[in-house]
Amino acid sequence: MNTIIEPFRIKMTEPLPTPSKKQRIAALKKAHSNVFLLDAEDCSIDLLTDSGTGAMSTKQWAAMMLGDESYAGSSSWKKFYATVHDITGFKHILPTHQGRAAESILATTRLKKGDIIPNNSHFDTTRANIEFVGAQAHDLLCDEGLQNNLDAPFKGNMDLNKLESCIHNYGAKRIPFVMLTITNNTGGGQPVSLQNMREVKHLCSKHAIPLFIDACRYAENAFFIKQREKGYADKSLKAIAKEMFSLADGATMSLKKDGLVNIGGFLACNNDQWAQDFKNLLILKEGFPTYGGLAGRDLEAAAVGLMEALELEYQEYRHATVTYVAKALDTLSIPYVRPAGGHAIFIDAKAFLPHIPPLAYPGIGLVNTLYTEGGIRGVELGSVMFGKIDKKGNEIPAPLELVRLAFPRRVYTQSHFDYILETLDTVWKKRDKIGGYKITYQPTFLRHFTCHFKKIP
Ligand SMILES: *Cc1c(COP(=O)(O)O)cnc(C)c1O
């Protein structure tokens, strides 16, 4: 059989909201033209994020009933520890309520003002946590990753020359650790090869710099390695994941991605002293080290989900969905980041709306039109999210203007995706009429979440 089918059937349904176009226009106005401020019930298809939006399996729901809610040393914690340890090999594992809590503990305990943290591309919360403690987040993505139209297998790789000059320029002492984001969410959900990981690790070891993995989509990355990297076709996803983690000194993880749960995260490492520092802050900020801001039932569901994400059938289905959408976009000539990543399609808003300059936020123009046309909620990954303000107060645009349509795990069916494609086609045909935006309110950090926009007339 050539048809890849969903490796599950549906046992419980949830009604889909269907606001009219008039209602959508009114809702967006009320949300200050920022889709983050829309009510979920105003969205028909919610592709804002794949984070915590997935559907759990029967095995996960059943596991939740086994949740041991003891404050310390619960049996749920033991299952969680055993699973994460089995996959990652890390000695110390600290549960957190989300990935960003793990990042915050890592940044607060390991960084000081003036430190430099290189990454292939920092995710927004990672960057914000690093900058919050006065350190600098540097993106050292390979050049291939910056070319939207280039079809290359591992566009999430770190540029080793850039890393070498970064270490040379700032000195290893100012670099408490290097990070690799797997897959590279910000750069289009693109994978990092094991070869690149080994080379990064080698360079880090030479300068005695620890390596941390931002492991949110470790299972999708393992699937790409199996498909694309020489020598891995016959390896299991779990074996590949183990090899990835064996190269790192620690990891941060959002279980809301490849943990296949709705909330959770962890911070892991091998170093005893770091673990002690992490634990002290964890107790202050999150909770006792055997639950860390999560219920016992959450730990149970995550322990099952982490293994389900490594099932080949599941990854084949997930990638088939992304490929299905990508092929349809090819037919419609809609520009997107190639090849399609693991968890989303990233539409190239700069190419889609070339008449809108970066600082009039073409991504916002596209996101807002997708919402008013079809009730589809996507997210801008461009100058609003990643733009910078220089010393003179000028806004510097981001290198890429993307709109991410993230696919929640095991949630939408193929006809939902056909509807998304039809909406995209409608918006594409009227692209000349789409205009830019200006920001009328913004906070200091992570502005995209809460800022207000106004259409430029
Ligand atoms: C989602 C995500 C995070 C942050 O995790 P949260 O659970 O949302 O706090 C960090 N890095 C990457 C790559 C992510 O995708």
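Miscellaneous remarks
- Carbon plus sulfur fraction of accessible area for segment 156-261, probe 1.4 Å, in percent: 49 percent
- Among the chymotrypsin sites (Phe, Trp or Tyr not before Pro) in segment 19-100, those placed in a DSSP loop whose Cβ has at most 16 other Cβ atoms within 10 Å are TYR71.
- The alpha carbons of segment 202-280 occupy a box of 41, 39, 14 Å along the principal axes, longest dimension given first.
- A cut-off of 5 Å between modelled amide H atoms, ignoring neighbours fewer than 5 places along the same chain, links ALA344 with PHE407.
- Ordering of 345-358, 12-25 by burial proxy (mean other Cβ atoms within 10 Å per residue, highest first): 345-358, 12-25
- All-pairs Cα distance distribution in the chain, expressed in whole percent, bin size 20 Å: 25, 59, 16, 0
- Near THR331: Cβ cut-off under 13 Å, other residues only, Lys/Arg at +1 and Asp/Glu at -1. The net charge is -3.
- Here is the list for segment 416-457: trypsin sites (Lys or Arg not before Pro) lying in DSSP coil, each with at most 11 other C-beta atoms within 10 angstrom of its C-beta, are LYS430.
- Measuring spread by the Cα atoms of segment 97-156 yields a radius of gyration and Dmax of 13.6, 40 Å.
- Computed over neighbours whose Cβ is under 15 Å from that of MET1, the net charge equals -3, Lys and Arg +1, Asp and Glu -1.
- Annotation: amide H-H contacts under 5 Å for THR181 (H modelled 1.01 Å from N, sequence separation of 5 or more, or interchain): ASN120, SER121, ASP214.
- Here's how it looks for ASP115: its modeled amide H is under 5 Å from those of GLN136, which are all 5 or more places away or on a different chain.
- Shape metrics for segment 58-308, restricted to C-alpha atoms - Rg then Dmax, Å: 17.4, 54
- Euclidean distance between Cα centres, segment 83-124 to segment 147-167, Å: 22 Å
- Rounded, prolate or oblate (a/c below 1.5 giving rounded, otherwise prolate when a/b exceeds b/c) for segment 244-398 by Cα gyration tensor: oblate
- Euclidean distance of C-alpha centroids, segment 212-285 and segment 427-457, integer Å: 35 Å
- For the pair ILE396 and ALA152, label points projected 7 Å from Cα toward Cβ lie 2.2 nm apart.
- Of all beta bridges that DSSP places with both ends in the chain, some 70 percent have antiparallel geometry.
- If the chain linking ASP418 and PHE449 were pulled fully straight, counting 0.36 nm for each residue of separation and taking away their Cα-Cα distance, it would gain 8.3 nm.
- Whole-Hz couplings from phi, Karplus 6.51/-1.76/1.60, listed for segment 333-348; x for Gly and Pro: 6, 7, x, 9, 6, 10, x, 4, x, x, 10, 6, 10, 10, 6, 7
- If R0 equals 41 Å, the separation of the Cβ atoms of LYS238 and LEU284 corresponds to a calculated FRET efficiency of about 0.75.
- Averaged over its residues, the chain has an accessible area of 43 Å² per residue, based on protein heavy atoms and a 1.4 Å probe.
- Rounded to 5, percent antiparallel among DSSP beta bridges of segment 58-308: 50 percent
The values are calculated or read from the model by the stated rules, or taken from the named source; none is laboratory data. The model shown is predicted, which means the values in this text are computed figures rather than measured ones. Heads up, the Cβs are rebuilt from the backbone with ideal geometry, glycines too, and the neighbour counts pull from every protein chain shown. Each accessible area value is taken on the protein alone, full model and side chains, heavy atoms only, with ligands, DNA and RNA left out. Shrake-Rupley method; radii C 1.70, N 1.55, O 1.52, S 1.80 Å.
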